[in-house]
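Read the structure below first, then the notes.
The values are calculated or read from the model by the stated rules, or taken from the named source; none is laboratory data. Bear in mind the structure is a predicted one, so any value in this text is a computation, not a measurement. Cβ: placed from backbone, ideal geometry, glycine included. Neighbour counts: every protein chain shown. The accessibility values were calculated without ligands, DNA or RNA, using every heavy atom of the protein model including side chains. Shrake-Rupley method; radii C 1.70, N 1.55, O 1.52, S 1.80 Å.
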Amino acid sequence: MQPIDFPNIQSLVLYAYKDLHHATYLMLHIEHPDLFKQWLCDNIENITTSNVQAESTALNIAFTAPGLDKLNLSQHAYQRFSREFKEGIATEKRSQLLGDEDSNSPENWNWGGPTTPDIDVLLLCYADSESALETLVAHITSELEAYTTQLQQLNTQALSDRKEHFGFKDGLSQPKITGVHTDATENDTLAPGEFLLGRESGYGTTTPFPHDNNNFKHFGKDGSYLVFRQLEQDVKGFWHYLDQQNVEEDNKVYLATKMVGRWPNGAPISLFPTKEPDHLNPSIANDFNYSDDPQGNHCPMASHIRRTNPRATDLGLSNKKDNIASVNHHRIMRRGRPYGKPLHKNLSPTAMMKADDTEPRGLHFLCFNADLARQFEFIQQTWVNNEKFNGLYNDLDPLLGTRPKEHGPSGDDFTLPQNPIRRKLKNIPQFVTTKGGAYFFMPSMSALKQLTNNNQ
Ligand code: HEM
């Protein structure tokens with residue numbers, strides 16, 4: 001396998017900037033392509049690459065299909081981008097498969113939908129302090145204001161203990177990449193071409209990459225597709241629903257834990273089936289699969305983590321290696337961050353059950369993959385948004401499902417197949433609503449240079 005070309009890859013594809021707690025995303029419409037190209041050319045050295053450790057700030061850049069078109073990418077190379085990317089996330093067909101219907105419909109989105117202006121560019125700004133982030137964002141916006149229109153400035157909010165708004169530790173399970181992560185285990189290590197175009201994929205073939213033989217040689221190589229979805233969370237609704245269940249206080253948190261598949265501190269319910277341990281040793285945070293829990297007695301089939309990564313055991317293929325390979329064709333590299341003030345500052349479930357404010361808050365969900373259809377869209381369509389997932393009947397993802405669905409099964413059950421009696425939560429309301437979305441491409445450094453040099 002070819003070595004990873006670290007200086008050519010934008011750092012966010014490979015690393016999450018865990019020490020840069022502050023982030024802002026800028027979405028821009030390009031008004032003057034040539035001037036924008038000049039800005040990019042002047043600032044190319046400020047883009048953070050994966051061969052350096054980002055110290056106090058980091059900056060990355062990605063484009064939508066209309067954005068690349070505006071910068072005169074050749075038609076030959078443009079046409080070789082995937083259909084999903086060129087069509088964009090908000091087509092009727094895609095909305096159906098992603099569950100972006102009814103209240104999630106692109107018609108209602110704040111950005112990225114048919115009624116909002118076209119996004120061309122996404123700038124992702126990170127810093128280790130609020131003031132450093134403000135300085136970075138102010139500098140970029142003042143430089144760009146003459147030749148772009150800023151459509152959105154989406155801020156983020158780091159929550160205590162790296163949790164998301166429902167109160168559960170996030171960012172614990174990520175795939176590893178051969179040649180990048182040295183602490184990888186065999187089952188969790190994916191070929192670079194699962195995330196980087198033009199590299200060897202899990203099928204042993206080269207992931208297709210857009211290019212031509214003239215100005216855009218190898219253009220797509222070492223770039224990655226970036227999914228961005230603004231997912232608003234009804235945190236009050238989530239904890240009030242659990243509070244209404246006729247069980248003791250501790251068991252309300254236990255039910256929420258069953259929905260996620262991990263305790264609030266991130267401990268997997270598969271390893272700690274009855275009680276949250278005081279402390280989660282990071283080395284065992286992913287040291288489990290579901291082979292000794294075929295009925296979902298510990299971690300329910302319907303739970304969020306079991307359906308977004310069935311970990312080799314749930315696909316029913318006879319050979320374990322085939323199962324692992326199959327699941328690993330559908331992995332994503334998550335880079336999301338929460339936004340909005342927490343419902344309670346320490347995200348205490350008991351306090352959130354009593355809290356009463358509905359200020360907007362949620363997750364800016366971002367993930368990288370090399371094949372939008374096979375990775376992100378497959379997870380969303382076949383696992384998250386499928387009430388018949390893995391032998392279930394009327395259970396959508398308990399966190400993400402659109403409920404009740406207007407057509408077909410209502411999808412508002414959550415089945416806990418515990419011995420001796422199976423229990424079902426019924427009439428689960430919708431807790432997450434899509435408020436915006438777009439597909440971007442994050443080019444390699446050499447591709448960015450090709451864009452700035454091209455004056456067709
Ligand atoms: C507001 C929306 C969401 C919330 C609150 C949420 C929350 C969580 C939490 C708490 C975890 C466990 C921590 C970890 O394993 O890293 C997790 C894991 C995960 N989530 Fe989400 N998530 C959301 C949206 C999504 C979406 C839209 C997808 C993909 C379509 C997704 C895919 C995953 C995956 C792949 C994992 C790791 C599963 C594993 O490897 O065990 N999540 N999420």
Under the 7 Å Cα-to-Cβ spin-label approximation, ASN46 and LYS449 lie apart by a distance in nanometres of 2.0 nm
Please give the direction-averaged projected area of the C-alpha convex hull for the range 1-105, in square nanometres with one decimal.
10.0 nm²
Antiparallel versus total DSSP beta bridges in the chain: what percent is that, nearest 5?
95 percent
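Leaving ligands and nucleic acids out of the surface, order ASP120, ASP42, ASP188 by accessible area at 1.4 Å, largest first.
Of ASP120, ASP42, ASP188, the descending order of accessible area is ASP42, ASP188, ASP120.
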In Å, the Kirkwood estimate of hydrodynamic radius for the range 231-436 over Cα pairs equals 17.8 Å
Just reorder TYR17, TYR254 by solvent-accessible area, largest first, 1.4 Å probe, all chains present.
TYR254, TYR17
Taking the Cα of GLN53, stepping 7 Å toward and past its beta carbon, and measuring to each backbone N in the range 122-163: which are under 20 Å?
126-129
With a 1.4 Å probe and every protein chain left in place, tell me how much accessible area ILE119 has, in Å² to the nearest 10.
10 Å²
Treat each spin label as a single point 7 Å out from the Cα along the C-beta direction, and report the LEU172 to THR358 distance in nm.
3.2 nm
Sorted largest first, the Cα spans of the range 184-330 on the principal axes come out in Å as 68, 38, 28
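Return the ratio Rg/(2.2 N^0.38 Å) for the range 265-306, where Rg is computed over Cα atoms only.
Cα-based Rg divided by the globular estimate yields 1.12.
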Round to the nearest 0.05 the FRET efficiency obtained for ALA373 and ASN155 when R0 = 30 Å and r is the Cβ-Cβ distance.
0.45
Prolate/oblate/rounded call for the range 31-78, Cα gyration tensor, a/c under 1.5 rounded:
prolate
If the label point is 7 Å along Cα→Cβ of ALA325, which residues in the range 192-213 have backbone nitrogen under 17 Å from it?
192-194, 200-207
When all protein chains stay in place, what accessible area (Å², nearest 10, 1.4 Å probe) is found for ASP183?
110 Å²
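Output the pairs from LYS176/LYS221; LYS18/LYS169; LYS86/LYS169; LYS252/LYS435; LYS169/LYS388; LYS341/LYS424 with a Cα-Cα distance over 25 Å in this structure; if there are none, say none.
LYS86/LYS169; LYS252/LYS435; LYS169/LYS388; LYS341/LYS424
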For the pair ALA138 and LEU35, how long in nm is the line joining their label points, each one 7 Å along Cα→Cβ?
2.2 nm
Could you work out the equivalent-ellipsoid semi-axes for the chain, taking the square root of 5 times each eigenvalue of the Cα gyration tensor, largest first, in whole Å?
36, 24, 21
Starting from the coordinates of the alpha-carbon atoms of the range 334-447, obtain the Kirkwood hydrodynamic radius over all distinct pairs and give the value in Å to one decimal.
17.0 Å
Could you grab the relative contact order for the chain? Cα pairs under 8 Å, six or more apart, rounded to a whole percent.
23 percent
Once the Cβ-Cβ distance between THR115 and GLU87 is put in as r, and R0 is 25 Å, what FRET efficiency do you end up with, to the nearest 0.05?
0.90
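Run the dipole for the range 231-436 about the Cα centre, Lys and Arg Cβ at +1, Asp and Glu Cβ at -1, nothing else charged, and hand back the magnitude in debye, nearest 20.
Here the range 231-436 has a charge dipole of around 340 debye.
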Over the heavy atoms of PHE441, what accessible area does a 1.4 Å probe trace out, to the nearest 10 Å²?
0 Å²
Below 8 Å, C-alpha to C-alpha, sequence gap of six or more: please give me the relative contact order for the range 144-197 in percent.
20 percent
The relative contact order of the range 231-436, taking Cα pairs under 8 Å that sit 6 or more residues apart, comes to a percentage of 24 percent
